[in-house]
1. Need the failing condition index for B:Leu47 against (1) facing chain A (nearest Cβ under 8 Å); (2) outside any loop (DSSP other than H, G, I, E, B); (3) within 16 Å of DNA strand C (Cβ to nearest atom), just the number.
2. Could you identify the single residue in B:Lys67, B:Lys90 that is closer than 24 Å to A:Ala103 by Cα and either away from DNA strand C (no atom under 14 Å from the Cβ) or in contact with a helix residue (DSSP H, G or I) (Cβ under 9 Å, 6 or more places away or on another chain) (or both)?
3. Residue under question is B:Leu7, and the condition is that it be at pLDDT 95 or above, open to solvent by less than 30 Å² (accessible area, probe 1.4 Å), under 30 Å from A:Ala161 (Cα atoms) and away from DNA strand C (no atom under 11 Å from the Cβ); does it hold?
4. Tell me which of these A:Ser34 doesn't satisfy, since it passes every other one: (1) more than 9 Å from DNA strand C (Cβ to nearest atom); (2) free of Cβ contacts under 8 Å to residues at least 40 places away in the same chain; (3) crowded, with 16+ Cβ neighbours inside 10 Å; (4) polar (S, T, N, Q).
5. When you go through B:Pro4, B:Pro95, B:Pro89, B:Pro15 one by one, which is the residue that is touching a Leu at 6+ places or on another chain (Cβ under 8 Å) and facing chain A (nearest Cβ under 9 Å)?
6. Is there any pair linking a residue in the stretch B:17-31 that is within 11 Å of DNA strand D (Cβ to nearest atom) to one that is part of a loop (DSSP other than H, G, I, E, B) and open to solvent by less than 30 Å² (accessible area, probe 1.4 Å), with Cβ under 7 Å and at least six apart or on different chains, and which?
7. Can you pull out every residue in the stretch B:139-188 that is open to solvent by less than 40 Å² (accessible area, probe 1.4 Å) and either more than 12 Å from chain A (Cβ to nearest Cβ) or modelled with pLDDT under 90 (or both)?
8. Filter the stretch B:10-31 down to residues that are assigned to a loop (DSSP other than H, G, I, E, B) and closer than 19 Å to B:Arg150 by Cβ and give me whichever is least open to solvent (accessible area, probe 1.4 Å).
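The values are calculated or read from the model by the stated rules, or taken from the named source; none is laboratory data. Being a predicted model, the structure only gives us computed values, none of them experimental. No Cβ is skipped: glycine too gets one built from the backbone with ideal geometry, and neighbour counts run over all protein chains shown. Calculation scope for accessible area: heavy atoms of the full protein, side chains included, ligands and nucleic acids excluded. Shrake-Rupley method; radii C 1.70, N 1.55, O 1.52, S 1.80 Å.
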There are 2 protein chains.
Amino acid sequence: MSLPHALLTALLEKPSSGSELTRRFDRSIGYFWSATHQQIYRELGKLERAGLIRTLPGGAPTRGQKKEYEVLPEGRAELVRWVDQREDPKVARDPLPLRLRAAGVVGLGGLVDELRRHRDLHRARLAEYREFDRRDYADEPSTQQERVQRLVLRGGIDVEAGWISWLTRAVEELSGEAPEEDTAGTDP
Amino acid sequence: MSLPHALLTALLEKPSSGSELTRRFDRSIGYFWSATHQQIYRELGKLERAGLIRTLPGGAPTRGQKKEYEVLPEGRAELVRWVDQREDPKVARDPLPLRLRAAGVVGLGGLVDELRRHRDLHRARLAEYREFDRRDYADEPSTQQERVQRLVLRGGIDVEAGWISWLTRAVEELSGEAPEEDTAGTDP
DNA sequence: ACAAGCATGTAATTTGTTACATGATTAT
DNA sequence: ATAATCATGTAACAAATTACATGCTTGT
């Protein structure tokens with residue numbers, strides 16, 4: 001049940017329309033959650049019916065028009081409750097290691113190339129995150145909100161770095177490639 | 001669509017019943033996928049109807065009795081196809097960083113304690129994985145299957161280490177705690 | 001023979017994915 | 001004006017979660 005709370009958070013940071021939220025989910029929010037625009041529209045409807053958010057007064061009610069939402073006190077209260085609850089970590093869920101394990105039984109096929117491809121995609125994502133980090137938090141963060149947002153971005157960076165280190169080792173071991181030099185770079 | 005393929009892999013490694021598969025998903029397979037017994041039973045039924053697996057001859061057909069499955073040639077072929085396809089990496093999906101971001105807006109509440117709790121759970125899981133690594137792969141792996149299984153386990157270890165490093169930093173920064181010494185240990 | 005636990009299964013709900021449809025806005 | 005794009009929305013489906021039900025097996 002994280003999507004509604006992710007939406008509440010995003011709307012508290014800045015009232016937005018569905019399409020704006022979709023774009024924001026591809027960016028900062030998306031380090032640890034993704035959602036299609038359909039999920040977002042459906043969930044916005046639910047949240048509105050539940051009285052947790054409302055459309056900004058003056059929003060046009062017809063189709064195809066922008067429709068901005070803001071969070072109501074009940075929505076904020078629900079978010080507080082969610083932040084404060086206990087919730088155990090879930091196991092990561094990723095098909096790639098699963099495919100590798102399957103390859104252990106039925107043969108590698110072209111999987112090593114696929115591992116290289118993923119390694120490169122993760123490297124690109126890591127570079128992008130580091131760029132965000134440099135650009136958006138150049139000077140010491142002032143507000144608690146900024147400090148926390150930077151921490152979350154750091155989480156994304158750590159996770160990407162972890163994948164790269166694993167994929168690099170896997171490719172080396174399965175292809176007999178020579179180890180490369182420090183491609184992930186050092187921590188800034 | 002990873003669950004059916006995870007099941008095919010597990011069954012190729014060793015024909016099993018639903019409850020055995022459930023247990024195996026809590027162990028080795030579970031480094032990167034989880035499933036409840038209900039998901040597993042339903043999916044086994046589907047795979048059987050699709051002609052990808054069958055019950056071992058001699059299995060009792062009544063309820064409450066063990067029912068062992070094995071993979072048919074069509075199932076193996078499907079697995080080969082899956083291993084060899086292209087599939088882009090998905091973004092990680094974890095509520096904890098999301099909750100942290102929400103806390104940036106509505107206040108931390110008891111979240112720092114929750115971060116500590118998660119850090120400790122990840123430490124415990126990491127210790128467990130390292131124990132598996134030591135126990136199950138003490139000597140150099142001989143078969144391709146063993147090499148690959150060990151690589152997957154290493155993936156689990158890398159991911160856990162990444163979480164621990166992030167959570168440790170987050171707790172330090174949000175609580176003003178003094179940095180600790182090397183709790184994750186060094187790579188064996 | 002009875003309780004406790006195990007193995008399988010059904011049902012209902014929620015969440016996520018994919019495909020498609022329609023009204024508004026913008027650029028040429 | 002009209003094509004391309006944007007924003008919102010509907011529909012159908014697949015996957016995952018939660019709760020509950022029923023028959024076997026084992027130990028006492």
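1. Against the list (1) facing chain A (nearest Cβ under 8 Å); (2) outside any loop (DSSP other than H, G, I, E, B); (3) within 16 Å of DNA strand C (Cβ to nearest atom), B:Leu47 comes up short only on (1).
2. Details: B:Lys67 fails: closer than 24 Å to A:Ala103 by Cα.
Sole residue among the options that is closer than 24 Å to A:Ala103 by Cα and either away from DNA strand C (no atom under 14 Å from the Cβ) or in contact with a helix residue (DSSP H, G or I) (Cβ under 9 Å, 6 or more places away or on another chain) (or both): B:Lys90.
3. Numbers: at pLDDT 95 or above: yes; open to solvent by less than 30 Å² (accessible area, probe 1.4 Å): yes; under 30 Å from A:Ala161 (Cα atoms): yes; away from DNA strand C (no atom under 11 Å from the Cβ): yes.
It is true that B:Leu7 is at pLDDT 95 or above, open to solvent by less than 30 Å² (accessible area, probe 1.4 Å), under 30 Å from A:Ala161 (Cα atoms) and away from DNA strand C (no atom under 11 Å from the Cβ).
4. Of the numbered conditions (1) more than 9 Å from DNA strand C (Cβ to nearest atom); (2) free of Cβ contacts under 8 Å to residues at least 40 places away in the same chain; (3) crowded, with 16+ Cβ neighbours inside 10 Å; (4) polar (S, T, N, Q), the odd one out for A:Ser34 is (1).
5. Numbers: B:Pro4 fails: facing chain A (nearest Cβ under 9 Å); B:Pro95 fails: touching a Leu at 6+ places or on another chain (Cβ under 8 Å); B:Pro15 fails: facing chain A (nearest Cβ under 9 Å).
Of the residues listed, the single one that is touching a Leu at 6+ places or on another chain (Cβ under 8 Å) and facing chain A (nearest Cβ under 9 Å) is B:Pro89.
6. Short answer, once both residue conditions are applied: B:Phe25/B:Ala35.
7. So the first thing to find is which residues in the stretch B:139-188 are open to solvent by less than 40 Å² (accessible area, probe 1.4 Å), and the list is B:141, B:148-149, B:151-153, B:155-164, B:166-168, B:170-171, B:174, B:184-185.
Within the stretch B:139-188, B:Pro141, B:Ala184, B:Gly185 meet the criteria.
8. Kept after step one, since they are assigned to a loop (DSSP other than H, G, I, E, B), are these residues of the stretch B:10-31: B:14-15, B:17, B:27-28.
With closer than 19 Å to B:Arg150 by Cβ added as a condition, the list becomes B:14, B:27-28.
On the way: B:Lys14: 111, B:Arg27: 93, B:Ser28: 27 Å².
Restricting to residues being assigned to a loop (DSSP other than H, G, I, E, B) and closer than 19 Å to B:Arg150 by Cβ, the top hit is B:Ser28.
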